[in-house]
Every structure is written in structure tokens, then in C-alpha cells.
1. Taking segment 252-267 on its own, how many of its residues are at pLDDT below 75, hydrophobic (A, V, I, L, M, F, W, C) and within 14 Å of residue 497 (Cα to Cα)?
2. Return the only residue of 379, 423, 431 being modelled with pLDDT under 85, in contact with a Pro (Cβ under 9 Å, 6 or more places away or on another chain), in a helix (DSSP H, G or I) and surrounded by 11 or more Cβ atoms within 10 Å (Cβ to Cβ).
3. Tell me which residues, restricted to segment 473-502, are β-branched (Val, Ile, Thr) and either within 22 Å of residue 230 (Cβ to Cβ) or over 34 Å from the mean Cα position of the chain (by Cα) (or both).
4. Just checking: which of the helices (runs of 4 or more DSSP H) contained wholly in segment 90-156 hold 2 or more residues that are touching a Cys at 6+ places or on another chain (Cβ under 9 Å) and within 24 Å of residue 66 (Cα to Cα)?
5. What are the pairs, 6+ residues apart or on separate chains, where a residue within segment 232-254 that is part of a loop (DSSP other than H, G, I, E, B) has its Cβ under 6 Å from a residue that is surrounded by 17 or more Cβ atoms within 10 Å (Cβ to Cβ)?
6. Is there any pair with a first residue in segment 132-154 that is charged (D, E, K, R) and a second that is assigned to a loop (DSSP other than H, G, I, E, B) whose Cβ atoms are under 9 Å apart and which are 6 or more apart or on different chains, and what are they?
7. Please specify each residue of segment 484-511 satisfying the condition of being loosely packed, with under 11 Cβ neighbours inside 10 Å and of a type outside the set (Gly, Ala, Ser).
8. Could you count how many residues in segment 165-181 are small (Gly, Ala, Ser) and under 38 Å from the mean Cα position of the chain (by Cα)?
Amino acid sequence: MSTDLSNHTEGHGGPKHNAVGEEVLLGLEAAQGNADTPSYLAAMLYEGHGGPKDEAELRRLYGLAAAQGHADAQCRLADMFYDGQGGPKDEVEARRLYGLAAAQGHAGAQSGLASMLYTGRGGPKDEVEARRQYGLAAAQGHAGAQSGLASMLYTGRGGPKDEVEARRQYGLAAAQGLAEAQIRLALMLVLGLGGPKDEVEARRLLGLAAAQGDAEAQCSLAGMLFNGSCGPKDEVEARRLLGLAAAQGHAGAQALVARMHNAAHGRPKLEAEAQRPRVTKGKARKGASENATAQVEDAAALAAAAARADAAMAELLTEEESEAEKARSKKGKAKAKKKAGAPTEASANASVEHAVEVNAAAVLGGAKTKAKAQAGAKAATVAEAEAKARAAARAEAEAKAAQAEAEEHARNQAEQEAKASAAKAHAAKEAAAAEEPPDDFICPITHNLMIDPVSAADGHMYERRAIEEWLVGHSTSPMTGAELEFKMLFPNHTVRRQIRTWQEAQRCRPAGPAARP
């Protein structure tokens, strides 16, 4: 940053800058090619100083600084490419930029590059190089890199396994407040991996991670508080922590909260019955009858429409004949007036015209009578067709109703047979389940059904009271005889729930064969 801009930002030689003025000066310096200025201007945009936050502009400015070799800008631009901020996502370019910044010794870039190398994002997977990059960043005190390196040391990925160094690296990251490292270190302290056991310190570390809102830490610490492991028992605090973890969607915490609620208030009875719509005999008949009636009404309406059309056509023909006859009559009268000078011829013509008129009237009357007769015949035919259609519809409706009744009867019979088969299968299943409890429910020490099953370090389940009595005088496994790594017991809630379900099923079972269907 130039001396003039530095004086302006610090208020030397005049009033102290405002954010907008500083942004203008930074823009001028960036245009002159100052490598640090675009990165500083990008930081202002990211924080929203001097104007609204603009990720696209932020990415552009980081690009200008990264192109000039600014390591921090390269790392931040790689973050944006990896997350797809301010533009399209590009893991290949993100890995390249991390590599450029890592080559300059940037700890954040070394950690980011190590993560991509370990997972194979943006290029081929390389666990050896990932472990080396984690080591370089961890040496600079980068907490995320220390935790990543510890994970690879613990699992032996990218090099030899080293639990002691893994525990040390987790400790360095945990001291910086990284919740993930605090949880992993607590686990190693409980199990005594990489050093001596320290359950009190493990509980403290879980408390620090839980205070940061980590759901896994809250759930683990709640279990220790509820059982009184590694310190005093505190069920109230355990419930509070489980509530916090459950609110974040932690499945294990949600299951424990539900179990505790059921234990306090009684398990609610759940009832569910699959139902489907049924068609009764009466409804089947009614539906078929209504369908047939509708078909009859439609046929009658069509026949009536056809009859009306025929009657209209007959009337139209009658009118046309009448008009033609009137025209001929007028034409004849005009000719008669023309020949008024010849009385004899006129009289003859008049007689002829009168005869024609009489004949035309007779023809017209005959046409009308014929049209009426035809209309009557068609009406009778329509009525007969309607009667036949009604009879056919009734017959069809009765046939459909009989078919629906037969189908309903067959369906009912099939349902009864299915219910009988299901009842027989259920009775057989109950009889088989009532014989003996599963082997997994039997304690290998007492050879009785377990009430409070717990898991020991050897991976086997025992009745809590029996294994606790065993561990008073032994440090070996009752099953294998091998030395136990630790004597801590873990409650197996899943098996306990299964045992209770099995016991409830036995109690609800009929008293004897006579009670079975």
C-alpha cells in the first residue's frame, strides 16, 4: 500500500478516511498494478466496507492479485473456486491455485492442497504428498492441518502409523480450540492410545467442544454425565446436552431423548390399520342401475331429436310446394288478363286455370296428408325404438349388477381365506418365538436372559451386574481369557430394547393352544 494511502487511512495530515474514499483510492492503486492493493480491496468487499458485498467483483479482484503472485489472494481465490462462490465451481483450478500459494509457504493453502490430495478432488489422489503438505502447515501452527496430520498418523495413511505423534498433534490443535481435535483427543485419552489414560481430561475436552456447539461432543459428554463415567453423575445436564444435540439433528441424541421421554411418561400405544375402499352389494347394484338408466335416457333423447328433424323436413317440403303453386297461379292470371279481348278463349282459359287450381289444391292436400302420415309412422318407429332401448338397458343393468355381486362375493371369499392364512402364519410364528429366547439375549456368565446388557472391551455383551462382579477380581475377558485394554462398560440400548420387545411379545401371547384361532 502506498504512503499516501496509508496516511489517508490512519488520518495523518487531515481527517481520517471513510470507507468509500478508501475504496476509491484503492481502486486507483489497483489500476496502477500494485499487487497488494487488489487483495486489500477484495478484503473490504468481503467485509462489506465501502459498499455492498459483491462476490463476483471479489473473485475478480482476487484473480488480479493472484495473477501477480500474491499468496493470500491465491489461497482465497482457490477457496472461492472450490466452493463455487462468485462464479462457477472449478476444483481443478482450485487445486492449482492452492499449489501456487503452498509453494510460497502459505499454511492455509498447504492445508487446503493436502485435503484435496487426500480425497483426490481436482486431480489424482496422493496420500504421501497430502501428509507432507499437512506436516508443513502443521509446523506453522495451522490447527486444521494439525488435526488432518494427526488423523493420517493415527490411521497410518500416507506413511507409518504413529499414535504418539497423532496424540501430540491433536493436542496442539485442541489447544487452539478446534472442536474436532478436542473430540478425537478425548477418545484417545479414554482408550489410552498414544499415551496414558486420562478420563478426567477427556471429559474436560468434550466439555470444551460441546460448548462450541458440536453435536457429537454434546452427545458423548451427555452419555458420560448420565452414566457417571470419568466424573460425577449429572442427569439434568445430560438431558440438556442431549436436547441441544438433538436440536441439531444428531440421530443418536434424538433416539436417546425419545427413549428417556418414553421411560418417564410411558410408551404411547401405536395403532395402525391399512384400510381400502370397499364396494358393497347394494352400491354395486345401484351403480349398475344408474348407468343403465343414463344410457336409456341418452337413447331416448337421440330418437326424439331425429323425430323432430324429420317433422321439420316434411314441413319444409310442404311450404316449398305451396310457394311453387302460388307462383304458377299468378302466372296463369297474368296470361288471362292479356287475352281479355277474346271472351271465348278467356272463358276457356279461365276454365282451364280453375281446373288447374283445383288439381293443384288436391295435389297439395295429398302431399300434406302423406307428410303427416310419414311423420306419424316415424314417431311410432321412434317410440318402438325407445321401448326396445329401455328393455335392453334394463337387461344390461341387471347383468352388470349380477356380475358385480359375483365379483364382490369372490373378493370377500378371497379376503377371508387370506385372513385365515395370515392368522395361521401368525400363530405359527408366535409358537416358534415362544420356545426359547435368542442366544444374543443370554448372558455368557449367568446363562440367563439379560436385563441390563453392556458391551465390554472384548466386544462381547454381558449382564451388567455379572461382568462388574467379574471385573472386581479379574482383568481378563470371561469369554476369551485375553487381557482387557480397559474395564469401561458401554450400555447396549439396542439389545435392551430388543429384549424388552421379546418379553412383551411373550406376555401378550395367548395362554395355550386352545386360545389360538
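The values are calculated or read from the model by the stated rules, or taken from the named source; none is laboratory data. Everything numeric in this text was worked out from a predicted model, so none of it was measured. Counting neighbours? That spans all protein chains shown, and the Cβs are built from the backbone with ideal geometry, glycine included.
1. The qualifying residues number 2.
2. 431
3. To start, the set of residues in segment 473-502 that are β-branched (Val, Ile, Thr) comprises 476, 480, 494-495, 499, 501.
Listed by number, the residues that qualify are 476, 480.
4. Details: elements: 91-103, 107-119, 127-139, 143-155.
Of the helices (runs of 4 or more DSSP H) lying wholly inside segment 90-156, those with at least 2 residues that are touching a Cys at 6+ places or on another chain (Cβ under 9 Å) and within 24 Å of residue 66 (Cα to Cα) span 91-103, 107-119.
5. Sorted first by the residue in segment 232-254, then by its partner, the pairs are 234/225; 248/215; 250/215; 250/219.
6. From residues that are charged (D, E, K, R), the pairs are 132/158; 132/159.
7. Initial filter on segment 484-511 (loosely packed, with under 11 Cβ neighbours inside 10 Å): 494, 501, 507-508, 511.
Those that are loosely packed, with under 11 Cβ neighbours inside 10 Å and of a type outside the set (Gly, Ala, Ser): 494, 501, 507, 508.
8. Residues of segment 165-181 that are small (Gly, Ala, Ser), as a first pass: 166, 171, 173-175, 177, 179, 181.
Restricting the remaining residues to those that are under 38 Å from the mean Cα position of the chain (by Cα) gives 173-174, 177, 179, 181.
Within segment 165-181, residues that are small (Gly, Ala, Ser) and under 38 Å from the mean Cα position of the chain (by Cα) number 5.
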